[in-house]
Structures are given as structure tokens and as C-alpha cells.
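The values are calculated or read from the model by the stated rules, or taken from the named source; none is laboratory data. Source: prediction; values computed, not measured. No Cβ is skipped: glycine too gets one built from the backbone with ideal geometry, and neighbour counts run over all protein chains shown. Areas reflect the complete protein model, heavy atoms only, side chains present, ligands, DNA and RNA absent. Shrake-Rupley method; radii C 1.70, N 1.55, O 1.52, S 1.80 Å.
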Amino acid sequence: MTSAVHIVFGTQGAGKTTYSRKLAGGVGGTRFSIDDWMGELFGPDLPKPMSLPWIMERVQRCERRIWSTASELVECGGSAVLDLGFMKVSDRSKFVSLAEAKALTVQMHYVNAPHSLRRGRVLSRNMEKGETFAFEVTPAMFDFMEKQFESPTEPELSRCVAIITQQT
């Protein structure tokens, strides 16, 4: 298996975590999920009301630590599957640049699904608290984050594996 950095991105509820788990198993890679890291490290300390600056500062800390570990893994011949949300083009570009600066192979994976299906998945996940549940995403949070996602650019799409999920 070729070592690589796999960047998985897409809208919330599209199936990124489910896809990332399958991908990691398929390539014999290690999955890094921002939801797992944030939930475990900072979930109990989440301020009420939520503070976006507080959250983003901790997301950035986690991303730095994840990148350090993931890039070392790939440099040693492994594969890393990064399930970090990557809501912004600049976030995705940053990680592509970090990998390319180390001459690491990069594969991008865009996961998407229709809006109503994604919203339903997120609300169901809140109730079921199953395998992909990390923390509750309220309808207001869903609506806020929906506006944050930047669709992939044409250059991004040209180097992506695109996955459109249709199942519930």
C-alpha cells in the first residue's frame, strides 16, 4: 500500500466519519478525527454559552498536534486519514501545502449528500448517540456551520475522489 495523507472533507452530516473509517480500513491507515479529539479533550470544558473563538483556538491546537503525528506516520510509510472537517478552502489548502512541503502523497476526498438527508442524520445522531456521535449538534449549530462550508474549487475537485452519499 502506498503511504499517503488522505484529506476527507465535506458538509456536516454528509458521512465523512463513516467514509473515513472505511477508507482507513481499506488503505491500512490511521484515522484522525477532529470530533474525537475535541470531544475527548475539551468537551467537558465547553463554555456555556458556546464561544466560537474558544472552540476555534482549541481546534487549531488539535490540528497542529494531529498534523505532527500524522505526517510522522506517513513519513514512516503509513497512511493518515484526516477527518478534520476542512470547512474552508484555506484549511484544505494549508494541509495540502504542509504535505507537499514534506513531499508526501496527498489524496483529497469530497463527501457530500443532499441537505435534508444531512440534517436528518445529524438530528438522529444526537438522539441515537451511536458510533459516529462525538457531541450534540443542535439545529442552530447545524444552521450556523452550514453557512461556514466553502464548496470545493475546480482545482480541488480535479484532484478529489468525490463521494455523494444517498443512504440514511
Within the range 51-84, the residues that are in contact with a Lys or Arg (Cβ under 9 Å, 6 or more places away or on another chain) and open to solvent by 30 Å² or more (accessible area, probe 1.4 Å) are GLU75
Is it the case, given these coordinates, that LEU104 is farther than 30 Å from PRO44 by Cα, open to solvent by less than 40 Å² (accessible area, probe 1.4 Å) and either modelled with pLDDT of 85 or more or not in a loop (DSSP other than H, G, I, E, B) (or both)?
yes
LYS48 fails exactly one of (1) assigned to a loop (DSSP other than H, G, I, E, B); (2) open to solvent by 60 Å² or more (accessible area, probe 1.4 Å); (3) in contact (Cβ under 8 Å) with a residue 12 or more places away in the chain; (4) not aliphatic (A, V, I, L, M), namely (3)
Only unsatisfied item for SER90, checking (1) among the polar types (S, T, N, Q); (2) surrounded by 12 or more Cβ atoms within 10 Å (Cβ to Cβ); (3) under 30 Å from THR2 (Cβ atoms), is (2)
Filter the range 1-45 for residues that are part of a helix (DSSP H, G or I) and buried (at least 23 other Cβ atoms within 10 Å of the Cβ); the one that is farthest from the chain's Cα centre (by Cα) is SER20
